[in-house]
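The values are calculated or read from the model by the stated rules, or taken from the named source; none is laboratory data. Bear in mind the structure is a predicted one, so any value in this text is a computation, not a measurement. Cβ placement follows ideal geometry from the backbone for every residue including glycine, while neighbour counts extend to all protein chains displayed.
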């Protein structure tokens, strides 16, 4: 325990050492209203002259006054944030917990629960600052470390001009995205990894993979900064690298699912196969819990996807309905595909199909029409079914809970199909023109798919390299895998000294 404490302290110290806390400018107070002018012509003329002289100062003061957040949008985003927490703990924890053997149930719950908590803390220390705290192609700035300058009065832009939510609400919402992403990874090497290794890897991967990918894809100055071609170029120049290219990712196909999926695959290779893998039965110990977890994921995902619009309007409704329909379509296509290929439809297959649909529609939900969402769900169910069967055998990795087969493959599928079905000619909403403040009539499917492919490839390579280095460092320092006798005994007893069930 002392060794783990020293390792975590050293890791955090190395990360936080270069961070310099600098104050962010506070919003200025609005200038008081001018007193009513006298009724005499001379007094009125004098008052008009003073008003003309004061106009520039008043305009400057008004510009420095923060806009008021929309109460309805703020309420919705608070609910959406809570829904994302629900989809992680207990949703993801129970989904994963039911899939492992009973002797490892608590270990998986612990890994999801504690990594979620760890990343939330790191997010407010430096994660938010480096992901959304300032201009840059790959990272933000250190200006908002420890949320310096973020108060109850500061605001965050949405996707509509003149519409804002409290910055603290945006901080909380994005914190849950970062935390669940790291939690997704642990399913790939469940049942044989050291708990300390999971925590240290989580710190490293979050810092050097999640943060830069989130910044590259999602960081920009907001719609109010764009008024003409010149300001558009300025916003693009200061934005994240993939946002500047025009990559579309509404709620995290690249940032969350592909990012986590490839990290899980690398981890499965680095940690190695479970003892007895391919020779001993390793069936899920509780498909009831897996079903409950999948259902909570589906419910929570409405906050994940519809919440990513940051507002409560028609686009939010589109993302919500796409999340509902695409998921249902994927359940049906996976179930039918499994029924035809294996002779029987399974509860595990239906639950996995739901997650596949949720993953695939994530980058597309606010860009494609309902027809496009339906097609994406149908395709995702079949492709991810192949991903956890045929592709998994081809790769030869013991990805315990099919993190790459569902999240990696589903994320890639959804990201590429977003480029197709976002086209207005196919019912999508296209690209928004913030200069004209209207949807652009121009959309090139082939060009957009190529941009989407660049986002996919960038995420795959970046996450794979960071994951490889991080796993190697952790293995060299503390070791990735528990001893053989502890693995056979089960991680619940060996790592945590408790058991999930008493008979």
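Mind checking which residues of the stretch 252-294 are surrounded by fewer than 24 Cβ atoms within 10 Å (Cβ to Cβ), touching a helix residue (DSSP H, G or I) at 6+ places or on another chain (Cβ under 8 Å) and either assigned to a loop (DSSP other than H, G, I, E, B) or free of Cβ contacts under 8 Å to residues at least 40 places away in the same chain (or both)? Residues satisfying the conditions are 274, 275, 284, 285, 286. Going by what's in this entry, would residue 178 be described as surrounded by 22 or more Cβ atoms within 10 Å (Cβ to Cβ), touching a helix residue (DSSP H, G or I) at 6+ places or on another chain (Cβ under 9 Å) and not in a helix (DSSP H, G or I)? Taking the combined requirement at face value, the residue does not satisfy it.
Within the group 193, 150, 203, which residue is surrounded by 24 or more Cβ atoms within 10 Å (Cβ to Cβ), at pLDDT 95 or above, over 22 Å from residue 249 (Cβ atoms) and touching a helix residue (DSSP H, G or I) at 6+ places or on another chain (Cβ under 6 Å)? 193 is the lone residue from the list that is surrounded by 24 or more Cβ atoms within 10 Å (Cβ to Cβ), at pLDDT 95 or above, over 22 Å from residue 249 (Cβ atoms) and touching a helix residue (DSSP H, G or I) at 6+ places or on another chain (Cβ under 6 Å).
Here are the criteria: (1) in a helix (DSSP H, G or I); (2) out of contact with any helix residue (DSSP H, G or I) (no Cβ under 6 Å at 6 or more places or on another chain). Tell me which single one residue 479 does not satisfy. So the condition that residue 479 fails would be (1). Keeping to the stretch 418-443, report how many residues are part of a loop (DSSP other than H, G, I, E, B) and over 23 Å from residue 230 (Cα atoms). Total meeting the criteria: 5.
From 203, 114, 186, 121, which residue is touching a strand residue (DSSP E or B) at 6+ places or on another chain (Cβ under 8 Å), assigned to a helix (DSSP H, G or I) and within 27 Å of residue 480 (Cβ to Cβ)? Just one listed residue meets the conditions, 186.
Look at (1) touching a helix residue (DSSP H, G or I) at 6+ places or on another chain (Cβ under 7 Å); (2) closer than 24 Å to residue 232 by Cα; (3) touching a residue at least 24 places away in the same chain (Cβ under 8 Å) and you find that residue 431 fails only one, number (1).
Hey, among 357, 349, which residue is without any contact (Cβ under 8 Å) to a residue 60 or more places away in the chain, crowded, with 24+ Cβ neighbours inside 10 Å and within 20 Å of residue 390 (Cα to Cα)? Don't jump to the end; show me each part of the working.
Values: 349 fails: crowded, with 24+ Cβ neighbours inside 10 Å.
The match here is 357.
Taking the stretch 128-145 as the range and being in contact with a helix residue (DSSP H, G or I) (Cβ under 6 Å, 6 or more places away or on another chain) and assigned to a helix (DSSP H, G or I) as the test, the residues that pass are 128, 129, 130, 131, 145.
Let's see how each residue does on (1) part of a helix (DSSP H, G or I); (2) farther than 26 Å from residue 424 by Cα:
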{"site": "319", "(1), (2)": "yes, no"}
{"site": "330", "(1), (2)": "yes, no"}
{"site": "340", "(1), (2)": "yes, yes"}
{"site": "355", "(1), (2)": "yes, yes"}
{"site": "358", "(1), (2)": "yes, no"}
{"site": "364", "(1), (2)": "no, no"}
{"site": "371", "(1), (2)": "yes, no"}
{"site": "375", "(1), (2)": "yes, no"}
{"site": "379", "(1), (2)": "yes, no"}
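Scan the stretch 434-448 for residues that are at negative phi and either exposed (fewer than 15 other Cβ atoms within 10 Å of the Cβ) or touching a residue at least 60 places away in the same chain (Cβ under 8 Å) (or both) and jot them down. Answer for the stretch 434-448, where residues must be at negative phi and either exposed (fewer than 15 other Cβ atoms within 10 Å of the Cβ) or touching a residue at least 60 places away in the same chain (Cβ under 8 Å) (or both): 434, 435, 436, 438, 439, 440, 441, 442, 444, 446, 447, 448.
Scanning the stretch 117-139 for residues that are closer than 10 Å to residue 180 by Cα and crowded, with 24+ Cβ neighbours inside 10 Å turns up just one, 119.
Residues to consider are 431, 412, 451; find the one that is at pLDDT below 95 and surrounded by 14 or more Cβ atoms within 10 Å (Cβ to Cβ). I'd like the intermediate steps shown before the answer.
Numbers: 412 fails: at pLDDT below 95; 451 fails: at pLDDT below 95.
Just one listed residue meets the conditions, 431.
Condition test on residue 95, is it in contact with a helix residue (DSSP H, G or I) (Cβ under 7 Å, 6 or more places away or on another chain), in contact (Cβ under 8 Å) with a residue 12 or more places away in the chain and crowded, with 22+ Cβ neighbours inside 10 Å? Steps first, please.
Details: in contact with a helix residue (DSSP H, G or I) (Cβ under 7 Å, 6 or more places away or on another chain): yes; in contact (Cβ under 8 Å) with a residue 12 or more places away in the chain: yes; crowded, with 22+ Cβ neighbours inside 10 Å: yes.
Criteria met by residue 95.
Among the residues of the stretch 216-235, which ones are in a helix (DSSP H, G or I), buried (at least 18 other Cβ atoms within 10 Å of the Cβ), touching a residue at least 40 places away in the same chain (Cβ under 8 Å) and out of contact with any strand residue (DSSP E or B) (no Cβ under 9 Å at 6 or more places or on another chain)? Step through it out loud before you land on a result.
Step one: of the stretch 216-235, the residues in a helix (DSSP H, G or I) are 216-218, 223-225, 229-235.
Then keep just the ones that are buried (at least 18 other Cβ atoms within 10 Å of the Cβ); that gives 216-218, 223, 235.
Narrowing further to those that are touching a residue at least 40 places away in the same chain (Cβ under 8 Å): 216-218, 223.
Scanning the stretch 216-235 gives 216, 217, 218.
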